[in-house]
Amino acid sequence: QVQLQESGPGLVKPSETLSLTCVVSDYSISNDYSWGWIRQPPGKGLEWIGSVYHSGSTYYNPSLKSRVTISVDRSKYQFSLKLTSVTAADTAVYYCARVRGYYGSGPPDYFDFWGQGTLVTVSS
Amino acid sequence: QSVLTQPPSVSAAPGQKVTISCSGSSANIENNYLSWYQQLPGTAPKLLIYDNNKRPSGIPDRFSGSKSGTSATLGITGLQTGDEADYYCGTWDSSLSAVVFGGGTKLTVL
């Protein structure tokens, strides 16, 4: 059973960079899946942020693309999210997930295993 | 405003059947696979249905998915109080080049 665990600061100041890491357990991060991030503002719905294949190829939400970087570190069995120039609108629970692509490194099809989520608040 | 449209809420009695709709367009639902997620209060979403109508291991056959044209439906039979949750549909949008989700539907089991 794949397990994912997010970690990172729970409070980030406006204009700074949000950085989160997701550690993957009981599954090789180099197998034929991608790894992604989804967020959920308090009381609202889900928003896809982006995903990364183990080769490093990425898909990003166009609405966030200019501020987002998702990378994978196969040696540490983890992948990471960086979101720059944050504002209060970026306050959300951030989930990491395993992603099945349409074909290997292709566009995301579905998210089959999720982390428990971590709340990140943007405030001074 | 979500790209995929779901009813904000549905309700039904225990033991009954309920359906949740998800409406989109040719850029998303009609030409791509659809998935459904269940989010119990205070927990992470859980995959219920993938590739329109397939159930992951461990998901009971009370849950079913179907798709026709630009719309999809999640069906739940034999409702239980433990099914009370938010349900989301999601798919790839080929025009936006992004994963899009519905706004979510809150299921109440009366």
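If you take the residues of segment A:53-73 that are surrounded by 14 or more Cβ atoms within 10 Å (Cβ to Cβ) and out of contact with any strand residue (DSSP E or B) (no Cβ under 7 Å at 6 or more places or on another chain), which of them is farthest from residue A:17 (Cα to Cα)?
Per the stated criteria, the residue is A:57.
Confirm whether residue A:75 is assigned to a loop (DSSP other than H, G, I, E, B), at pLDDT below 95 and at negative phi. Spell out the reasoning first.
Working: assigned to a loop (DSSP other than H, G, I, E, B): no; at pLDDT below 95: yes; at negative phi: yes.
No; evaluated as a whole, the condition is false for this residue.
Only one of B:69, B:75, B:90 is in contact with a Gly (Cβ under 8 Å, 6 or more places away or on another chain), over 21 Å from residue B:42 (Cα atoms) and of a type outside the set (A, V, I, L, M, F, W, C). Can you tell me which? I'd like the intermediate steps shown before the answer.
Working: B:69 fails: in contact with a Gly (Cβ under 8 Å, 6 or more places away or on another chain); B:90 fails: over 21 Å from residue B:42 (Cα atoms).
Criteria check complete, one pass: B:75.
In segment B:51-110, how many are more than 10 Å from chain A (Cβ to nearest Cβ), surrounded by 14 or more Cβ atoms within 10 Å (Cβ to Cβ), touching a residue at least 40 places away in the same chain (Cβ under 8 Å) and aliphatic (A, V, I, L, M)?
7
Could you pull out every one of the strands (runs of 3 or more DSSP E) wholly within chain B that has 3 or more residues that are more than 14 Å from the chain's Cα centre (by Cα) and under 24 Å from residue A:106 (Cβ atoms)? Steps first, please.
Values: elements: B:9-12, B:18-23, B:34-39, B:46-49, B:63-68, B:71-76, B:85-93, B:98-101, B:105-109.
In chain B, no matching strands (runs of 3 or more DSSP E) lie anywhere.
Look through segment A:62-76, keep the residues that are of a type in the set (Val, Ile, Thr) and within 14 Å of chain B (Cβ to nearest Cβ), and return whichever of them is nearest to the chain's Cα centre (by Cα).
To start, the set of residues in segment A:62-76 that are of a type in the set (Val, Ile, Thr) comprises A:68-70, A:72.
Among the residues that remain, those that are also within 14 Å of chain B (Cβ to nearest Cβ) are: A:68, A:70.
Working: A:68: 10, A:70: 7 Å.
That would be A:70.
Sort out which residues of segment A:88-119 are surrounded by 22 or more Cβ atoms within 10 Å (Cβ to Cβ) and of a type in the set (A, V, I, L, M), and write them in order of number.
Listed by number, the residues that qualify are A:92, A:97, A:99.
Do we find a residue being away from chain B (no Cβ under 14 Å), out of contact with any His (no Cβ under 7 Å at 6 or more places or on another chain) and part of a strand (DSSP E or B) anywhere in segment A:83-105?
Yes.
Residue A:32 fails exactly one of the following numbered conditions: (1) outside any loop (DSSP other than H, G, I, E, B); (2) more than 14 Å from the chain's Cα centre (by Cα). What is the number of that condition?
Every listed condition holds for residue A:32 apart from (1).
Criterion first (over 12 Å from residue A:115 (Cβ atoms), surrounded by 12 or more Cβ atoms within 10 Å (Cβ to Cβ) and of a type in the set (A, V, I, L, M, F, W, C)) does residue A:12 satisfy it? Give the derivation first.
Values: over 12 Å from residue A:115 (Cβ atoms): yes; surrounded by 12 or more Cβ atoms within 10 Å (Cβ to Cβ): yes; of a type in the set (A, V, I, L, M, F, W, C): yes.
For residue A:12, the condition - over 12 Å from residue A:115 (Cβ atoms), surrounded by 12 or more Cβ atoms within 10 Å (Cβ to Cβ) and of a type in the set (A, V, I, L, M, F, W, C) - is met.
The values are calculated or read from the model by the stated rules, or taken from the named source; none is laboratory data. Values in this document were obtained by computation on a predicted structure and should not be read as measured data. Cβ atoms come from the backbone with ideal geometry, glycine included; neighbour counts cover every protein chain shown.
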